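Read the figures in this text as sums done on the coordinates, not as results from a lab. It should be emphasised that the depicted structure is a prediction, and the values quoted were computed from it without experimental measurement. Using ideal geometry, Cβ is built from the backbone for each residue, glycine included, and neighbour counts are taken over all protein chains shown.
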Amino acid sequence: MTTTVYIPQDSSALSLGAERVARAIQREALARGEIINIVRNGSRGLYWLEPMVEVMVAGERHAYGPVTPADVAGLFDAGFLKGKHHSLGHGRTEEIPYLAKQTRLTFARVGIVDPGSVADYLAHGGYIGLRNALSLSSAEIVNVVTDSGLRGRGGAAFPTGIKWKTVLDQAVEQKYVACNADEGDSGTFSDRMIMEGDPLTLIEGMTIAGIAVGATQGYIYARSEYPHACRALARAITAAKEANFLGQNIQGSGKHFDIELRIGAGAYVCGEETSMLESLEGKRGEVRAKPPLPAIEGLFGKPTAVNNVISLATVPVILARGAEFYRDFGVGRSRGTLPLQLAGNLKHGGLVELAFGCTLRELLYDYGGGSATGRPLRTVQVGGPLGAYIPASEFDVIVDYEALSATGALLGHGGIVAFDDTVDMGKMARYAMEFCAIESCGKCTPCRLGSTRGQQVLDDLKAGIRPDENLKLLHELMDTMQYGSLCGLGGMTPFPVRSALKHFPADFGPSRD
Amino acid sequence: MTGLSSADASTVEKIAQNFASTPGPVIEILHGVQNALGYVPAEAIAIIASVLNLSRAEIHGVVTFYHHFRSTPPGRKTIQVCRAEACQSMHGVPLEAHVKTTLGIDYHETTADGHFSLEPIYCLGNCACAPSIMVGDEIYGRVTPAVFDELIDEEKASS
């Protein structure tokens, strides 16, 4: 009898040795005459257990991890192929509390399916959304997405349906769907996990978007920093084409849609939508002035629906189960679920998809298990390098768009980076300015020069040079950046700096030691 | 044409021709050239410009805008160290210092024996397993100075 063994091919699992584990299990099975079928799945997102190996026993998956090649013989001895006890065992995967407490809608199939297989995707509820979409008019699809309350998961939180309606309303023959997969924010990896673990969900979401707005061509703008994700996407696009889920006359519907994968070249600013469009056109990724909105004049000057990976990957479940189903999750104006990413100095880092409404504290302690180093957590940065630092005294804040923004922070793409009490917030603030200087596209002066000047003023403060004057200067400089920059890079770099100054002023002067 | 062999020049020309009819081809071509030659030589810029009927300045501008494209040949293996916040929260800064000391080079440099080039990178998306580095196309998480030393020894032994 063949036993199915799942060993992730997710980048993070690979970074912890999943490839060597896979080879060791294959070798050991051969030596023992055990017949196994290894599936290279995505990650379940329990990263402290990676490489996490799962074995299918009587229709249920049993988890073992973190597995090293040295553990493999022992696992076979213990009978892990039959789901038997071993010190690395965690029982049935679905019953691990970290996973069992989550509401996985966007991530329903990640870690479960074989990411390159259309058959497996279909067997797990894939393409029901597209089938439903094909029975609706474009306007009806847009209405479903609008009614679901889905807002752009890239960080701007703009209602997806309204954006699509703008594109649909343009009476132009050539339109595009452009997927922003330039996930450059530190602390975020949910796009990568979708692309590596369930890329067909993204492809289905883009296809539905194309049909909804009247576009026949889509582009995915992925990152050169994500070679594994790029390979998984390329494989999935080919598989979808072969199965006629992309290309001409999709499933006999008379609708056409194709996707081309484009790979960026290491520029953080290209995550800004207009800069991404310039880069897709093969140019320097310099930000465009808005208006015109990309929905009216986007890629190659044509109306373009620019959406984040998670937004698009959430569309299939909305079309499959209805707007109401999705809208019923969440609080206030933050509807549905958000895949949060627990990163940095946490014991149990990983992917936690929950309905909006939990607190930061629950995420950091109930899921994250506190710091990895065992020291007290001092602060977290939410929403990437342009997000504010939130001090431990404010960990009871609710994680949704409105509540975070009321405290001067932002949710962004849902990445949470935790720091213990050894962090020097003066250094983190200076790094924010340095990062802006390195990544500035150079088009507008507040960002290009302000970021370098910001580093100098912070250095002067640290050296104790004219502190009052320099502090005033720093605030004026940040006002100029915030209100005068063309895009969020220069405009939001002041957020981490200001929040660090506000909550940790003692870190900015000369050290006392 | 100086410094570029005729074989390399024809590789560049072929890549440029392949993509010439794709919409917005410049970055695709530059990826192709860097994958084939390891970098984008100055001479390649003129060839690409001539195939696409663009100015050399336009191509040069694209090459220099993006961190990923390099204008000099890399060492046999490129090591990229993540400098972003999540890695900093897990002792990424001392790791950076250790890497530079061990290799005896700074960012954007190549070791004298031509073995390793060192580049900073801003987020590998491995933020729950920080700090991270990439060696060639392979990503490594939870890297300590000791783990790094082992990796370098393995790399040296296998080449």
**Prompt:** Pick from B:Ala97, B:Ala44, B:Ala16: which residue has the top mean-square fluctuation in a GNM of chain B where Cα pairs under 10 Å get a spring?
**Reply:** B:Ala97
**Request:** Let me know the shape class of region B:6-65, please: from the alpha-carbon gyration tensor, a ≥ b ≥ c as square roots of the eigenvalues, rounded when a/c is under 1.5, otherwise prolate if a/b is greater than b/c, or oblate.
**Result:** rounded
**Complete:** Connecting every pair of Cα atoms under 10 Å apart in chain B and solving the GNM, the largest mean-square fluctuation among B:Leu54, B:Leu37, B:Leu103 falls on B:Leu54
**Request:** Using Cα positions and a limit of under 30 Å, work out the lysines in reach of A:Lys290, with same-chain residues fewer than 8 apart set aside.
**Result:** A:Lys163, A:Lys165, A:Lys175, A:Lys302, A:Lys443
**Prompt:** Who wins for biggest fluctuation among B:Val62, B:Val143, B:Val12 in a Gaussian network model of chain B, springs between alpha carbons below 10 Å?
**Reply:** B:Val62
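Neighbour counts of other C-beta atoms within 10 Å: give me A:Cys444, B:Cys82 arranged from fewest to most.
Arranged by neighbour count, lowest to highest, A:Cys444, B:Cys82 become A:Cys444, B:Cys82.
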**Prompt:** Across peptide A:238-244, what mean number of C-beta atoms from other chains lies inside 10 Å of a residue's C-beta?
**Reply:** 0
**Complete:** At R0 = 35 Å the Cβ-Cβ FRET efficiency linking B:Ala7 and A:Thr238, nearest 0.05, sits at 0.70
**Message:** Less than 18 Å apart at the alpha-carbon level, and either on another chain or at least 8 residues along: which lysines does that give for A:Lys241?
**Reply:** A:Lys255
**Prompt:** Between B:Ile121, B:Ala86, B:Ala146, whose Cα lies farthest towards the positive end of the dipole of region B:77-157 when Lys and Arg beta carbons carry +1 and Asp and Glu beta carbons carry -1, centred on the Cα centre?
**Reply:** B:Ala86
**Item:** Stokes-Einstein translational diffusion, region A:201-243 - Kirkwood Rh over all Cα pairs, 1.567 mPa s, 4 °C, in µm²/s
**Value:** 114 µm²/s
**Message:** Can you tell me the orientation of helix B:56-65 relative to chain B, as the angle in degrees between its alpha-carbon axis and the longest Cα principal axis, to the nearest 10?
**Reply:** 10 degrees
**Request:** Using only alpha carbon positions, build the gyration tensor of region A:359-513, then give the equivalent ellipsoid semi-axes as the square roots of 5 times its eigenvalues, largest first, whole angstrom.
**Result:** 26, 19, 12
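Using a cut-off of 14 Å between beta-carbons, work out the net charge of the residues near B:Asp113 (Lys and Arg +1, Asp and Glu -1, B:Asp113 not included).
That sum, taken over residues with Cβ under 14 Å, equals +1.
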**Asked** Using a simple charge model, +1 on the beta-carbon of Lys and Arg, -1 on the beta-carbon of Asp and Glu, nothing else, what dipole does the protein assembly as shown show about its Cα centre, in debye to the nearest 20?
**Response** 740 debye
**Prompt:** Out of the DSSP beta bridges found with both residues in region B:77-157, what percent are antiparallel (nearest 5)?
**Reply:** 55 percent
**Prompt:** Which shape class, rounded, prolate or oblate, goes with chain B when its Cα gyration tensor gives a ≥ b ≥ c as root eigenvalues, a/c under 1.5 marks rounded, and past that a/b bigger than b/c marks prolate?
**Reply:** prolate
**Message:** Once you place label points 7 Å from the Cα toward the Cβ at B:Thr111 and A:Val57, how far apart are they in nm?
**Reply:** 4.6 nm
**Request:** Would you order A:Glu278, A:Glu394, A:Glu140, A:Glu225 from fewest to most other beta-carbon atoms within 10 Å of each residue's own beta-carbon?
**Result:** A:Glu140, A:Glu394, A:Glu278, A:Glu225
**Asked** Restricting the count to DSSP beta bridges whose residues both fall in the protein assembly as shown, what percent are antiparallel, rounded to a multiple of 5?
**Response** 55 percent
**Asked** When DSSP assigns beta bridges and you keep just the ones with both residues in region A:1-126, what percent turn out antiparallel, to the nearest 5?
**Response** 70 percent
**Normalised contact order of chain A, rounded percent, pairs of Cα under 8 Å and 6 or more residues apart** = 14 percent
**Neighbouring partner chain Cβ atoms per residue of B:78-87, average, 10 Å criterion** = 6
**Request:** Among the lysines, select those whose C-alpha is under 18 Å from the C-alpha of A:Lys472, and discard any that sit fewer than 8 residues away in the same chain.
**Result:** A:Lys462, A:Lys502
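Would you mind classifying the protein assembly as shown by shape? Square roots of the alpha carbon gyration tensor eigenvalues, ordered a ≥ b ≥ c; an a/c under 1.5 is rounded, otherwise it is prolate if a/b is larger than b/c and oblate if not.
rounded
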**Request:** Consider just the alpha-carbon atoms of region A:243-300 and return their Rg together with their Dmax, both in angstrom.
**Result:** 15.0, 41
